[in-house]
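K.L.:
Pasting a structure here, questions to come.
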Amino acid sequence: MKKITILLLTFALVSCKNNFLELTPDTNGSVGNFYQTKDQFIQAVNSAYSPLQSIYNNNMWLFAEVRSDNTSYQLNTGDRSGTPREEIDEFRDNDQNTNIQAFFNSSYQGIGRCNLLLTKIKTATFDQSSRNQVEGEARFLRAYYYFNLTRVFGDVPLILKEVASPEEAFTTATRVSEAQVLTAVIDDLKDAITKLPAKYTALDLGRATSGAGKALLGEVYISQKNYTATTEILKGIEADGGYSLNTNYEDNFKKKNTSESIFEVQYAEGVGNKWSTFIYTFAPFNSGTLATGYALGAGSAAGWNIPTQDLINAYEPTDKRFMASINQNFTDPTSKKIIPFIQKYSNPPYLERFNTGDNFIVSRLADVLLMQAEALNEASFPNADAFALLNRVRTRAGLPSKTANNTDAKLRVASQVEFRTAIAQERRIELAFENHRWFDLVRTGQAVPVMTAHAVAEKASKNYILPNSFISIPLKFPYPFRETQITK
């Protein structure tokens with residue numbers, strides 16, 4: 001656990017000069033003389049958001065999309081430095097995979113910052129309302145980091161207080177059960193919801209709200225198959241937070257922090273180390289200026305998260321979401337084949353190469369509506385409210401409603417099992433490339449059958465798949481090798 005020790009003992013402060021987006025290093029602070037004023041606590045909670053930017057730029061799409069049947073990669077024979085990413089796609093699991101270690105490190109860095117802040121806030125003397133907000137944000141973030149750690153690894157170390165010494169880190173940083181971690185996650189979220197505001201002014205957009213806390217808690221509950229609790233926590237989000245579906249689906253990705261957005265990771269173009277790079281990673285590596293406005297060369301930085309043909313085929317013919325989600329306008333000059341790529345994160349022109357300000361949506365209202373529909377269906381079928389929620393999402397996409405007794409067989413959902421299938425299909429399309437698919441497959445028990453079929457298709461269509469690919473379909477990723485060795 002040496003790595004955890006370092007992460008939990010390291011404190012990096014970032015300050016908020018003018019607004020939440022302008023996160024720049026503050027070299028004057030130290031733990032000894034810090035945590036005195038409201039502004040310092042705000043700077044500290046800003047630092048707890050910062051690891052999310054690295055996690056979403058580099059890791060989450062690998063674990064949630066590339067790992068699933070939604071996306072794969074464009075083979076780059078000239079640059080093999082992306083092999084660790086290929087391993088994740090093809091279930092060639094490796095406990096020394098650099099992407100897995102990086103996610104682990106960033107997550108515990110965020111947790112360490114939250115723990116330190118939550119220790120210091122107990123003796124803070126500025127106004128109670130501001131103290132509540134700062135504490136609520138830290139508890140939300142700690143819960144978020146831990147929830148994702150359990151989804152990726154299962155059992156992980158659970159540290160809920162400031163670690164003051166290496167010796168203390170070694171005694172506290174042992175793995176505990178996933179169930180125990182999730183209990184702590186739920187406790188943090190319940191507390192955060194009571195402390196966080198429903199909305200912020202423009203300068204603070206992007207901070208966690210009570211709605212974000214409820215949405216995350218609903219996601220935890222539905223992963224535990226606690227459908228009654230899921231319904232209860234999600235039912236008031238829309239009205240309480242003033243959220244609404246965007247009229248145009250693509251506005252979710254062309255604009256930032258819209259009325260549909262509940263929580264998104266904030267990025268700022270041109271601000272040091274705070275920019276995103278999604279389209280430069282997701283565009284075909286030899287696609288020229290098509291996706292970004294800047295020429296993409298042959299390096300392995302691009303060509304990842306490429307939509308699979310299976311996903312493309314899953315869209316209904318008149319679905320408005322297709323053009324907003326997938327671009328099929330690039331033909332590889334070598335193979336002469338169309339290489340599709342993700343459209344959602346392509347918003348040129350950009351000021352600089354490999355530098356965009358595109359945010360990443362973690363939670364939005366459509367996701368919440370579909371979780372509600374799923375939970376209601378588990379309570380009873382047919383459930384009029386569940387159908388209404390499902391069809392709100394479909395209507396926005398320009399698709400006809402599904403009903404229990406529809407005369408069109410393609411629109412008929414005649415049983416509880418068929419409704420589950422309909423929800424899974426709608427979530428796959430509505431939330432494509434938003435880091436839900438793999439985790440949805442796991443929590444619904446469909447990961448093994450779906451990915452077994454996917455493996456057959458991949459091996460049949462790609463002659464470069466290695467023999468040790470897809471040997472098994474584990475539901476968790478290997479725990480980082482370094483961590484297991486240091487505790488021996």
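Since every read-out is calculated from the coordinates, none of them should be taken as a lab result. Because the structure is a prediction, the values reported are computed rather than measured. Backbone-built Cβ (ideal geometry, glycine too); neighbour counts: all protein chains shown.
K.L.:
Testing the spin-label approximation: label points 7 Å from Cα along Cα→Cβ at M323 and A239. State their distance in nm.
P.N.:
About 3.7 nm, to one decimal.
K.L.:
With all distinct Cα pairs included, what does the Kirkwood hydrodynamic radius of the stretch 155-253 come out to in Å, to one decimal, could you say?
P.N.:
On the way: mean 1/r = 0.0628 Å⁻¹.
Result for the stretch 155-253, one decimal place: 15.9 Å.
K.L.:
Can you compute the charge dipole magnitude of the chain about its Cα centre, using +1 on each Lys and Arg Cβ and -1 on each Asp and Glu Cβ, nothing else charged? Give it in debye, rounded to the nearest 20.
P.N.:
On the way: 51 positive and 51 negative charges, 21 e Å.
So the dipole magnitude of the chain works out to roughly 100 debye.
K.L.:
Next up: So for each of 429-440, 78-89 I average, over its residues, the number of other beta carbons within 10 Å; can you give me the resulting order with the highest mean first? Mind dumping the intermediate values first?
P.N.:
On the way: 429-440: 22.5, 78-89: 16.5.
Ranking, from highest mean packing down: 429-440, 78-89.
K.L.:
Same structure, new question: If the chain between T407 and S129 were fully stretched, how many nm would it gain, using 0.36 nm times the residue separation less the Cα-Cα distance?
P.N.:
Details: separation 278, 0.36 × 278 = 100.08 nm, distance 5.56 nm.
Full extension of this stretch gives 94.5 nm more.
K.L.:
Moving on to the next point. For the stretch 206-270, what is the Kirkwood estimate of the hydrodynamic radius, computed as the reciprocal of the mean inverse distance between distinct Cα atoms, to one decimal in Å?
P.N.:
Values: mean 1/r = 0.0769 Å⁻¹.
The answer is 13.0 Å.
K.L.:
Per-residue counts of other Cβ atoms within 10 Å, averaged by peptide: what ranking do you get for 38-49, 213-224, highest first?
P.N.:
Peptide ranking by packing, descending: 213-224, 38-49.
K.L.:
Obtain the nm distance between the two label points defined at D39 and A164 by a simple spin-label model: each point lies 7 Å from its Cα along the Cα-to-C-beta direction.
P.N.:
2.9
K.L.:
Ok, one more. Using 7 Å Cα-to-Cβ label points, what is the R392/S461 separation (nm, one decimal)?
P.N.:
Reported label-point gap for R392 and S461 is 3.4 nm.
K.L.:
Would you please give the residues with an amide H less than 5 Å from that of L158, counting only those at least 5 places away or on a separate chain, with H modeled from the backbone geometry?
P.N.:
Under 5 Å from the amide H of L158 lie the amide H atoms of T174, V176, each far enough along the sequence or on another chain.
K.L.:
Can you tell me the Rg and Dmax of the stretch 341-434, counting just the alpha carbons, in angstroms?
P.N.:
My reading of the Cα-based Rg and Dmax gives 16.6, 54 Å.
K.L.:
Could you list, bin by bin from short to long, the percent of Cα-Cα pairs of the stretch 101-209 in 5 Å steps?
P.N.:
2, 12, 20, 23, 20, 12, 7, 3, 0
K.L.:
Let me ask another. Using every Cα-Cα pair within the stretch 38-147, state what percent have a distance larger than 21 Å.
P.N.:
48
K.L.:
What is the extension gain from T331 to D204, computed as 0.36 nm multiplied by their sequence separation minus the C-alpha to C-alpha distance, in nm to one decimal? If you can, show how the numbers build up before the last one.
P.N.:
Numbers: separation 127, 0.36 × 127 = 45.72 nm, distance 4.20 nm.
Gain on extension, T331 to D204, equals 41.5 nm.
K.L.:
Where does the chain land at 222 nm, in deg cm²/dmol rounded to the nearest 500, when only DSSP H runs of n ≥ 4 count, each adding -39500 (n - 2.57), divided by all residues? If you can, show how the numbers build up before the last one.
P.N.:
Numbers: 20 runs with 228 residues, N = 488.
About -14500 deg cm²/dmol.
K.L.:
Under a Cβ-Cβ cut-off of 12 Å, what is the net charge of the residues other than V181 that fall near it, where Lys and Arg count +1 and Asp and Glu count -1?
P.N.:
Details: positive: R142, R151, R175; negative: D155, E178, D187, D188.
So the surrounding residues net to -1.
K.L.:
Report the semi-axes of the equivalent ellipsoid for the stretch 306-372 in whole Å, largest first, where each axis is √(5λ) for an eigenvalue λ of the Cα gyration tensor.
P.N.:
Working: eigenvalues 119, 87, 17 Å².
They are 24, 21, 9 Å, listed from largest to smallest.
K.L.:
What dipole magnitude, in Debye to the nearest 20, does the stretch 93-194 give about its Cα centre under +1 on Lys/Arg Cβ and -1 on Asp/Glu Cβ?
P.N.:
On the way: 10 positive and 13 negative charges, 54 e Å.
With Lys and Arg at +1 and Asp and Glu at -1, about 260 debye.
K.L.:
Evaluated at 25 °C with a viscosity of 0.890 mPa s, what Stokes-Einstein diffusion coefficient in µm²/s does the stretch 334-374 have when Rh comes from the Kirkwood expression over alpha-carbon pairs?
P.N.:
Details: Rh = 13.8 Å.
Calculated translational D: 177 µm²/s.
K.L.:
Lys and Arg at +1, Asp and Glu at -1: add these up for the other residues within a Cβ distance under 15 Å of D127 and post the number.
P.N.:
+1
K.L.:
Also, quick follow-up: Using the count of nearby Cβ atoms within 10 Å as a rough guide to exposure, how do T230, T318, T119 rank from fewest to most? Numbers along the way, then the final one.
P.N.:
On the way: T230 25, T318 10, T119 14.
Least to most surrounded, the residues fall as T318, T119, T230.
K.L.:
While we're looking at this one, here's another question. Can you give the translational diffusion coefficient of the stretch 381-485 in µm²/s, computed by Stokes-Einstein from the Kirkwood radius over Cα pairs at 4 °C and 1.567 mPa s? Please list the in-between numbers first.
P.N.:
Details: Rh = 16.5 Å.
Stokes-Einstein gives a translational diffusion coefficient of 78 µm²/s.
K.L.:
Further question on the same structure: Label 7 Å along Cα→Cβ of T228; the stretch 366-381 residues with amide nitrogen under 17 Å?
P.N.:
Backbone N within reach: 375-381.
K.L.:
Moving to a separate point now. Tell me which label goes with the value of Rg and Dmax of the Cα atoms in Å computed from the coordinates here: (1) 24.4, 78; (2) 22.2, 71; (3) 23.9, 85.
P.N.:
Only one option fits the structure, namely (2).
K.L.:
Starting from a Cα-only point model with no solvent, please compute log10 I(q)/I(0) by Debye for the stretch 197-348 at q = 0.11, 0.17 1/Å.
P.N.:
Listed by q, the Debye log ratios stand at -0.60, -1.12.
K.L.:
Give, rounded to the nearest 20 debye, the magnitude of the charge dipole that the stretch 125-280 has about its Cα centre when Lys and Arg contribute +1 at Cβ and Asp and Glu contribute -1 at Cβ.
P.N.:
Numbers: 17 positive and 21 negative charges, 34 e Å.
The dipole magnitude comes to about 160 debye.
K.L.:
Charges on Cβ only, +1 for Lys and Arg, -1 for Asp and Glu, centred on the Cα centroid of the chain; of A460, F381, P480, which one is farthest towards the dipole's positive end?
P.N.:
Highest projection toward the positive end goes to A460.
K.L.:
For the stretch 161-279, build the charge dipole from Cβ charges (+1 Lys, Arg; -1 Asp, Glu) around the Cα centre, then report which of T231, T183, S259 sits farthest towards its positive end.
P.N.:
S259
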